[in-house]
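Reviewing the structure listed below.
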Amino acid sequence: MPIPSGLINLIMKLTLKIWRQENATAKGSMQTYSLDGVSPDMSFLEMMDVLNEQLMEQGIEPVAFDHDCREGICGSCSMFINGEAHGPDRLVTTCQLHMRKFKDGDTIHIEPFRAKPFPVIKDLVVDRTAFDRIQHAGGFISVNTSGNTQDANAIPIEKADADKAFDAATCIGCGACVATCKNASAMLFVSAKVSQYALLPQGQVEATDRVLNMVKQMDEEGFGNCTNTGACEVECPKGISLENIARMNREFLSANVKG
Amino acid sequence: MSSLLSSTILRKVAMALSGIFLMVFLLQHFVINITSVFSATIFNQFSHFMGTNALVQFALQPVLIGGVIFHFVMGFVLDIQNRKARGTRYAVYKGSANAPWVSRNMLISGATILAFLGLHFYDFWVPEINYKYIEVLPEDPNRYHEELVHKFEDLTRVVIYVISFFFLSLHLSHGFASSFQSMGVNNKYTPTFKSLGKLYAIGIPLGFAFIAIFHFLNH
Amino acid sequence: MAKLDAKIPEGPIAEKWTNHKNNINLVSPANKRLIDVIVVGTGLAGGSAAASLAELGYNVKAFCFQDSPRRAHSIAAQGGINAAKNYQGDGDSIHRLFYDTVKGGDYRSREANVHRLAEVSTNIIDQCVAQGVPFARDYGGLLDNRSFGGVLVSRTFYAKGQTGQQLLLGAYSAMNRQIGRGKIKMYSRHEMLDLVKVDGKARGIITRNLVTGEIERHAAHAVVVASGGYGNLFFLSTNAMGSNVTASWKIHKQGAYFANPCFTQIHPTCIPVSGDHQSKLTLMSESLRNDGRIWVPKKKEDAAAIREGKLKPTELAEEDRDYYLERRYPAFGNLVPRDVASRAAKERCDEGYGVNKTGEAVYLDFAAAIERYGKEEAHVKGLDENDTTLVQKLGKAIIKAKYGNLFQMYEKIVDQNPYETPMMIYPAVHYTMGGVWVDYNLMTTVPGCFAIGEANFSDHGANRLGASALMQGLADGYFVLPYTIGDYLADDIRTGPISTDTPEFEAAEQSVRTQIDAFLTNKGTKTVDYFHRKLGKIIWNKCGMSRNEKGLKEAMAEVKALREEFYKDVFVPGTADSFNEPLAKALRVADFLELGELFAKDALERTESCGGHFREESQSPEGEALRDDKNFTFVSAWEYKGEPSDAKLHKEALKYENIELKTRSYK
C-alpha cells in the first residue's frame, strides 16, 4: 500500500508529561519527554507509538499502556489525559482521540486511571480485574447452553425497553467512569449491567440476587460512593446514561425490601 | 443501623432521605419566618406554638437535631471514604470539564452551612433554650418578633447570614435533584424535578436573605 | 502422518449431524469432573466453548492475552449474525443458508460442516436471547433482520453496529457465571507460547504471564485453540493490535496441519489509510452497503480534480458518477460478496478513478438513502414530501438510528461529516478463512488438540459472507465442540490428572525460555515494528487482492530474508520477568515471519482464482475470477517440516454431493 506523507505544514511539536512506574510496587513519578513530528491525523495512541519508537532508539524503555482494538470498542485503552479520562474529546476512547484536538506546542499530561481498586501494573497500565469480579458476582443470566431454550421470538420485548437495554449494554468496561469520578465510584459500570438485565424479561428471575451480589462485590472492591456529580456520564465513551444508576438504586432498594 | 449502612447505595439513600427531611424543615422554617416581614402577630403566634408545643419541642426537635447531625457526620464519613477510594491523586484533574462546581464541592458548601449553623444556634437556639429551660423565665407570647428584629440590627451578622444563604443555595442546587437520583427516581419527570429543585434552591435562600435584609433596613 | 481423514459422518447431509450426535461417545457427568480442558482465547468461539464445557462439568482453564476475556477482538464485529430463522418469511431455510455459504465461499468449503453450521444457526439466536443479548427489535417487539452481501434474503440479526460486542458480552456473561462457580479458572494477560504433547496427544501448554513474565506450565486432557485469525500478518488490518497467530502456529509446529493459509478476506468497506504513522485500519460495517451506494467519478479528470481538492463529490452531477457495482452486477448491486466488491474497488482505483489524496478510495454515498427514507417518513407523518429541508432532516434521523455509531466513528477518524459528504472507503484485510485444519469433530491432526472459530479453516471456503463469522464462532463454541470433544475425551476418563512434572513439559518450557533469552540478548538495532511493517508491505503488495506467480515467488524469498534479518538485527528492550510489550510483540512477529512464507507458498501452489484468492493468471476476459474445479477442488493442508518453504502439502478432496459446482455469478 503506498503510504502518503502526512500533512507536513501541520506537524506539531509537543511536550509530554507521562507517569512512569516500573511495576506495581515501585514508586512512580511524572517524566517529561519532547516529541516532534506529530501529525494531526494521528490517533493519540499512534502518537504514543511514535514516542515509544523514539524512546527505544534512545535506549529508554517504552511507555507501557493498554490498547488493543484501536477502534473504540474493546475498552483496553485507559489514559487520563490533561485531567480527563480518554482526553478532551467526548464519546471517544483514547484510541479514537485524534491529535487534531491538540495544538502545536501543547504540554500534555498523561496519567494512568487512578483508583484504589485499579492498582498500577506498569506506567499507564492498570489492573481492572475488579470489574471482572463484579461481573462474576452476578453479571449473567443463568441459562445453560442446550439448543432447547425457547424460540427467540417467544417473548416479544417492547422496542423502547430493548433499545434501553442495548444502550446500557454498550458499556465497554474501560473504567473511565471510575477514573473520572471524584469519588472513584463504579456505579455507572455496575448499573449498566444491572440495567440491561432489569429491562429484559429474561433478567427478571434473578434480578434480586443479581443487584445485591453485584453491589456487594462493588463495595468490597473498595470503590467510592456515588455523589451524583454526573461526571461519569459526560466522560463515558459510550454515553451510558445516569438513568441507569437511578434504576440500579431502585432495583437495589426493592431487592433489600424483598430481602 | 450499621448493617443497614454497610452498602454504598444505602448510605447514599440515607443521605438523600436526611437531606429531604432537612429541606422540608427548611421550607417550614421559611414559611414561618417570612410572616415576620408582614405581620409580627402572625409570626409571634407561629413561634409561640413551635416554642411551646410539646410534640414539636420534645419529639420533632430532637429528630431534627438528629437529622442534622446525621447528615453532617455521614457527609464527612462519605468524603473520607471517597478520598480513600482514589488512592494516589492525579497530578492534573480537570473536574470542571465534566461536572458543575457545586456537585463536586458539597463538602465545602456543607461545611460552610455547618459553621453558619453554629452561629445560628448561638443566635437563636441557645438563648431560647436558656430562656425556657435553664432560667425558666415566664413565657411571653409576643417576644419572638422583637428578638428576631433585634438580631438583624447588626450589619456584620446580616452579611454573614447572606453569604451563608448563598452557600446554602449552592448546596441545595445539587442536593435537591441528587436526592431523587439517589432514591432511584430518574424518569420523564426528572427535568421537572430539576426545575423544581432550582426554584427551591434559589427561592428559599433568597427568601431567607430577604428576611434578614428587610429587618436590617427596617429596624 | 496418516492420510487426512475428515471423519465426515455417513448419511444424507441433513441427517449427518443428528446421526453423529446420536452415535458419538459421551462422558458421564461424574467423569467430566475428572477431566480438564484448556481453552486458549476467549472470543466468541473460545468464550462460548469455555462456558459450555464448564456447564457440562469439565474443569476449564481459559487463557487470553487481554486484561479481560471481554476484550477479545470478536467485540469489534459490527454488522450482525446470520441465522436461518426465516422470521421475515422471505423464503429462507437451513438449506438456503447452507447453499449461500458454500456458494459465497466459492465452493472451497466442506459441505457437511457448512450444513451443520446452518442447522445450529437458529439455536444460537435462541441461546443469545435467553442470555439477555439485546438484539434490535421492531415495534411489535419481535426481532429485526437486515440483509448482507451475497444473499437474497434478510437473515441477519443485529444489535445496531455492535453485534459482535453484544454477542461476546453474552458469552462473557456465561463465562462469568462459571468463573463464579469455580468451574472456569480464568488466566487473563497470559499468552500461550507452546503446546505440550505427551505420547503424541495434546496434554498441555506453556504460557507466559504478561504481567510478571513468569513462564507457566498448564496441563489438561485436551487443548482447544480459539485464538482467532492471522490478519495482522499484513501489519495493517482491521484486527486488534494484539491479534496474533502464535497459538495456531505453535500447534502447527507440533503437528497440526495448516489449511488454506492464503485464503484471506479483504473487506471492501474500511476507512482508507491516511499516513505512514497508521497502526491499524478501521472497518465500516458491511451493513452500510444496505443503504450506501458505491461510486467513483466517470471521468478521470473529475477524479483528479477531487484528489487535488478542486472539486467536491457533492458537486458532481448524477450522470458523471459511475456506480460501478450496480453497473457490473445488477442483480446484487452494492450487496455483492466482499471479495467481488473489494476487487471492483481496486480495479477502479488502479485505473485512476480513486478519490482521496492517495488515489486509493471510493465513495460510499448515503444521499439517495437519506432522501428515500426522508420522503417515506414525511409520507407516514403526513408532512410535505417536497420540502427538501424537512426530507433531509427526517432522512438523516433514520440513517442515524440505523448506523449512528458508525457515522460517528467515521467522523472522529476522518474529520468529515458523512451525513453531508459521501464516506471514503477502501478494502482492507479483515478476516482469514484459512487456519488450522480440523476434522468434522473440530480436532486438528494432533490428537486432543482442537481448533475453533476463526482459528480453524472449516466453514467459509475461499470467501466468507458477511455476518457468518459470528455465526461460526458461536456455533463451534456453543453447539459443536461441547459434543464432539466428548467423543475424544471418553477415552480419557481413566487417565487421571496430568502431571506437568514431566520431560515433555520441561523441554517445552526450556525452548520457550531459550527463545525469550535470545531476543533479550540480541544486539540488534531495529524495533519489532520495523520488521512487522516491512512484512506487512511485502504481503500486501505481493499476496494482497491480486496475486501472480512472480510476485509470490518474490514474496517467499523476501519474507525468508526478512526473517533472517529479524533474528540478526531485532532489538528488544526490557527484561524477561516484567511487563514487556516489545518482547510479547517480538514473539508474535517471529511466528508471522514464518507464516508469511507459507502463505505465499500456498497462494503460489493454487494457480486458480477462487473467492478472496485472485490469481491474475486465472481470470475471465471481463476480469472475473476463474476457478479451476478440475484441479483445485481440495483443501490444502500443510504439514510443518522445519522451514516454511519445506512444508508438505496434503490434499483433502472436497466432494459436492448436494450442491452443484457452478460459476459464481452475482450479475
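With respect to A:VAL143, is the statement that it is more than 25 Å from A:ARG20 (Cβ to Cβ), out of contact with any Pro (no Cβ under 9 Å at 6 or more places or on another chain) and more than 11 Å from chain C (Cβ to nearest Cβ) true?
no
Quick check, is A:SER76 within 28 Å of A:SER241 (Cβ to Cβ), within 9 Å of another protein chain (Cβ to nearest Cβ), small (Gly, Ala, Ser) and in contact with a His (Cβ under 8 Å, 6 or more places away or on another chain)?
Spelling it out, A:SER76 is indeed within 28 Å of A:SER241 (Cβ to Cβ), within 9 Å of another protein chain (Cβ to nearest Cβ), small (Gly, Ala, Ser) and in contact with a His (Cβ under 8 Å, 6 or more places away or on another chain).
Could you tell me which numbered condition A:CYS232 fails, if it satisfies all but one of (1) modelled with pLDDT of 95 or more; (2) over 17 Å from the mean Cα position of the chain (by Cα)?
(2)
Whether any residue in the stretch C:466-473 is surrounded by fewer than 24 Cβ atoms within 10 Å (Cβ to Cβ) and either at pLDDT 95 or above or outside any helix (DSSP H, G or I) (or both) is what I want to check.
Scanning the stretch C:466-473 turns up no residue that is surrounded by fewer than 24 Cβ atoms within 10 Å (Cβ to Cβ) and either at pLDDT 95 or above or outside any helix (DSSP H, G or I) (or both).
Could you list, in sequence order, all residues of the stretch C:622-631 that are in contact (Cβ under 8 Å) with a residue 60 or more places away in the chain and either β-branched (Val, Ile, Thr) or out of contact with any helix residue (DSSP H, G or I) (no Cβ under 9 Å at 6 or more places or on another chain) (or both)?
Passing the criteria: C:ARG627, C:ASP629.
Please verify whether A:GLN150 is modelled with pLDDT under 95, farther than 18 Å from A:LEU253 by Cα and not assigned by TED's automatic domain parsing to the domain that holds A:ASP66, treating the condition exactly as stated.
For A:GLN150, the condition - modelled with pLDDT under 95, farther than 18 Å from A:LEU253 by Cα and not assigned by TED's automatic domain parsing to the domain that holds A:ASP66 - is met.
Can you confirm whether the stretch C:187-200 contains a residue that is free of Cβ contacts under 8 Å to residues at least 24 places away in the same chain, in a strand (DSSP E or B) and in contact with a strand residue (DSSP E or B) (Cβ under 9 Å, 6 or more places away or on another chain)?
No - not one qualifying residue is present in the stretch C:187-200.
Taking helices (runs of 4 or more DSSP H) that do not extend beyond the stretch B:101-219, which have at least 3 residues that are of a type in the set (Val, Ile, Thr)?
B:106-120, B:155-182, B:190-218
Going by the conditions given, is C:GLU286 within 26 Å of C:LEU168 (Cα to Cα) and of a type in the set (D, E, K, R)?
So C:GLU286 passes the test.
Can you tell me which of C:GLY551, C:GLY642, C:GLY596 is assigned to a loop (DSSP other than H, G, I, E, B) and either surrounded by fewer than 22 Cβ atoms within 10 Å (Cβ to Cβ) or not hydrophobic (A, V, I, L, M, F, W, C) (or both)?
After ruling out the rest, the residue left standing is C:GLY642.
Being more than 16 Å from C:ALA62 (Cβ to Cβ), within 14 Å of chain A (Cβ to nearest Cβ), in a helix (DSSP H, G or I) and not aliphatic (A, V, I, L, M) is the requirement here; does C:GLN165 meet it?
yes
Only one of these is more than 8 Å from every other protein chain (Cβ to nearest Cβ) and of a type outside the set (D, E, K, R): A:ALA255, A:ALA184, A:ALA231. Name it.
Testing whether each residue is more than 8 Å from every other protein chain (Cβ to nearest Cβ) and of a type outside the set (D, E, K, R) leaves just A:ALA255.
Does A:ILE121 satisfy the criteria of being among the β-branched types (Val, Ile, Thr), under 12 Å from the mean Cα position of the chain (by Cα) and facing another protein chain (nearest Cβ under 8 Å)?
No, not satisfied.
When you scan the stretch C:518-525, do you find a residue that is within 30 Å of C:GLY200 (Cα to Cα) and either of a type outside the set (Lys, Arg) or at pLDDT 95 or above (or both), even just one?
The answer is yes; a qualifying residue exists.
Need a quick list: helices (runs of 4 or more DSSP H) entirely within the stretch C:221-332 having at least 3 residues that are hydrophobic (A, V, I, L, M, F, W, C) and either free of Cβ contacts under 8 Å to residues at least 40 places away in the same chain or away from every other protein chain (no Cβ under 14 Å) (or both).
C:246-253, C:300-307
Starting from residues that are modelled with pLDDT of 95 or more and within 8 Å of another protein chain (Cβ to nearest Cβ), keep the ones in the stretch C:139-156 and report whichever is surrounded by the fewest Cβ atoms within 10 Å (Cβ to Cβ).
C:GLY140
Of all residues in the stretch C:500-548 being in a loop (DSSP other than H, G, I, E, B) and among the hydroxyl-bearing types (Ser, Thr, Tyr), which is farthest from C:GLU624 (Cα to Cα)?
C:THR502
Looking at this structure, is B:PHE208 crowded, with 21+ Cβ neighbours inside 10 Å, of a type in the set (Phe, Trp, Tyr) and in contact (Cβ under 8 Å) with a residue 40 or more places away in the chain?
yes
Can you find a residue that is facing chain C (nearest Cβ under 8 Å), touching a residue at least 24 places away in the same chain (Cβ under 8 Å), touching a strand residue (DSSP E or B) at 6+ places or on another chain (Cβ under 7 Å) and part of a helix (DSSP H, G or I) anywhere in the stretch A:151-168?
Yes, the stretch A:151-168 contains a residue that is facing chain C (nearest Cβ under 8 Å), touching a residue at least 24 places away in the same chain (Cβ under 8 Å), touching a strand residue (DSSP E or B) at 6+ places or on another chain (Cβ under 7 Å) and part of a helix (DSSP H, G or I).
Mind counting the residues in the stretch A:13-32 that are of a type in the set (Phe, Trp, Tyr) and surrounded by fewer than 17 Cβ atoms within 10 Å (Cβ to Cβ)?
0
In this structure, does A:LEU199 turn out to be over 24 Å from A:GLU84 (Cα atoms), aliphatic (A, V, I, L, M) and crowded, with 24+ Cβ neighbours inside 10 Å?
So A:LEU199 passes the test.
How many residues are of a type in the set (D, E, K, R) and outside any helix (DSSP H, G or I) if we restrict to the stretch C:569-586?
Summing the residues that are of a type in the set (D, E, K, R) and outside any helix (DSSP H, G or I) in the stretch C:569-586 gives 1.
Which residue is farthest from B:ASN218 (Cα to Cα), if the candidates are limited to the stretch B:3-40 and must be more than 14 Å from every other protein chain (Cβ to nearest Cβ) and without any contact (Cβ under 8 Å) to a residue 40 or more places away in the chain?
Among those residues, the one meeting the criterion is B:VAL24.
Based on this model, can you work out whether A:ASN82 counts as facing another protein chain (nearest Cβ under 8 Å) and either in contact with an Asp or Glu (Cβ under 8 Å, 6 or more places away or on another chain) or over 26 Å from C:GLY170 (Cα atoms) (or both)?
Yes.
Kindly provide the set of residues from the stretch B:84-119 that are charged (D, E, K, R) and more than 7 Å from chain A (Cβ to nearest Cβ), ordered by number.
Within the stretch B:84-119, B:ARG89 is the sole residue that qualifies.
With the requirement that a residue be more than 10 Å from chain C (Cβ to nearest Cβ), in contact with a helix residue (DSSP H, G or I) (Cβ under 7 Å, 6 or more places away or on another chain) and hydrophobic (A, V, I, L, M, F, W, C), what does the stretch A:85-103 give you?
Once the filter is applied, which keeps residues that are more than 10 Å from chain C (Cβ to nearest Cβ), in contact with a helix residue (DSSP H, G or I) (Cβ under 7 Å, 6 or more places away or on another chain) and hydrophobic (A, V, I, L, M, F, W, C), the stretch A:85-103 yields only A:ALA85.
Any residue in the stretch A:169-197 that is aromatic (Phe, Trp, Tyr) sitting within a Cβ distance under 6 Å of a residue that is part of a helix (DSSP H, G or I)? List the pairs, counting only those 6 or more apart or interchain.
Final answer for the pair search is A:PHE189/A:CYS177; A:TYR197/A:GLY203.
Step by step: first the residues of the stretch C:645-661, then only those that are without any contact (Cβ under 8 Å) to a residue 60 or more places away in the chain and over 20 Å from C:LEU595 (Cβ atoms), then the one that is surrounded by the fewest Cβ atoms within 10 Å (Cβ to Cβ). Which residue is that?
C:GLU660
The values are calculated or read from the model by the stated rules, or taken from the named source; none is laboratory data. Quick caveat, the model's predicted, so the values are computed rather than measured. Because the Cβ atoms are built from the backbone with ideal geometry, glycine has one as well, and the counts that use them run over all protein chains shown.
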